[in-house]
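Worksheet for the structure shown next.
The values are calculated or read from the model by the stated rules, or taken from the named source; none is laboratory data. Computed from a predicted model, the values in this text were never measured in an experiment. Ideal geometry is used to build each Cβ from the backbone, glycine not excepted, and the neighbour counts take in all protein chains shown.
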Amino acid sequence: MNEFWLYFTLGHQHVLDLGAYDHLLFLAVLSVSYQFSQWRRWGLLVSLFTLGHTLSLAATHFFGLQSNEQIVEFLIPCTIIATALYNMLQIWVPSNSDHVLVLGGSALTFGLIHGLGFGRYFGVIEDQGSVMALIDFALGIEWAQLIIVFVVLVLSFVAQRLFGIKKRDWILVASIATIAATIPMFLG
């Protein structure tokens with residue numbers, strides 16, 4: 001049981017690490033347009049992101065997948081900006097169609113990219129080749145991501161219901177702020 005908590009906590013801390021705020025920004029911009037009542041949709045997106053992240057960790061840790069660190073570090077902020085731009089596009093060109101395949105595929109793909117960014121470090125944390133350690137780590141990631149989404153949903157509720165900010169304006173401001181916070185990642 002102690003081993004579970006160790007890897008669960010490491011996964012949790014990986015996502016909530018303010019020094020590596022890419023997860024925070026991605027999940028914030030991914031969930032800013034949702035409400036609590038849409039829990040199936042945002043829950044699916046978060047889980048697909050975790051699945052992609054975990055598959056990348058497994059590929060690097062168990063199968064020795066190598067990736068170009070510079071390309072991955074460039075693609076991570078691209079995924080965040082792409083999600084923010086998608087939100088803005090949905091505001092400017094509203095559509096009645098359901099984009100679950102686009103969003104789900106993007107969340108999975110972006111999870112794969114983010115996982116590649118951490119894959120080389122996971123081997124340092126867990127050197128025994130344990131699948132259970134990876135699962136425990138993934139559960140910690142999932143839990144932390146749900147916390148982030150919950151906080152974003154509360155902030156969205158407060159902004160829209162208590163302060164009367166229109167949903168459209170809230171999504172636009174949050175997406176632009178996310179892009180602004182992401183740009184320094186290209187320089188670091």
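Quick notes on this structure:
- Condition met for Phe118 (buried (at least 20 other Cβ atoms within 10 Å of the Cβ) and either in contact with a Cys (Cβ under 8 Å, 6 or more places away or on another chain) or in a helix (DSSP H, G or I) (or both)): yes
- The sole residue among Ala133, Ala159 that is surrounded by 21 or more Cβ atoms within 10 Å (Cβ to Cβ) and in a helix (DSSP H, G or I) is Ala133.
- Of everything listed in (1) over 12 Å from the mean Cα position of the chain (by Cα); (2) modelled with pLDDT under 90; (3) not in a loop (DSSP other than H, G, I, E, B), the single unmet condition for Leu89 is (2).
- Residue in the range 69-116 that is farthest from Tyr21 (Cα to Cα), counting only those that are among the charged types (D, E, K, R) and touching a residue at least 24 places away in the same chain (Cβ under 8 Å): Glu69
- Unique match (being over 13 Å from the mean Cα position of the chain (by Cα) and over 24 Å from Arg40 (Cβ atoms)) among Phe157, Phe186: Phe186
- Breaking point among (1) out of contact with any helix residue (DSSP H, G or I) (no Cβ under 7 Å at 6 or more places or on another chain); (2) surrounded by 16 or more Cβ atoms within 10 Å (Cβ to Cβ); (3) modelled with pLDDT under 90, for Asp17: (2)
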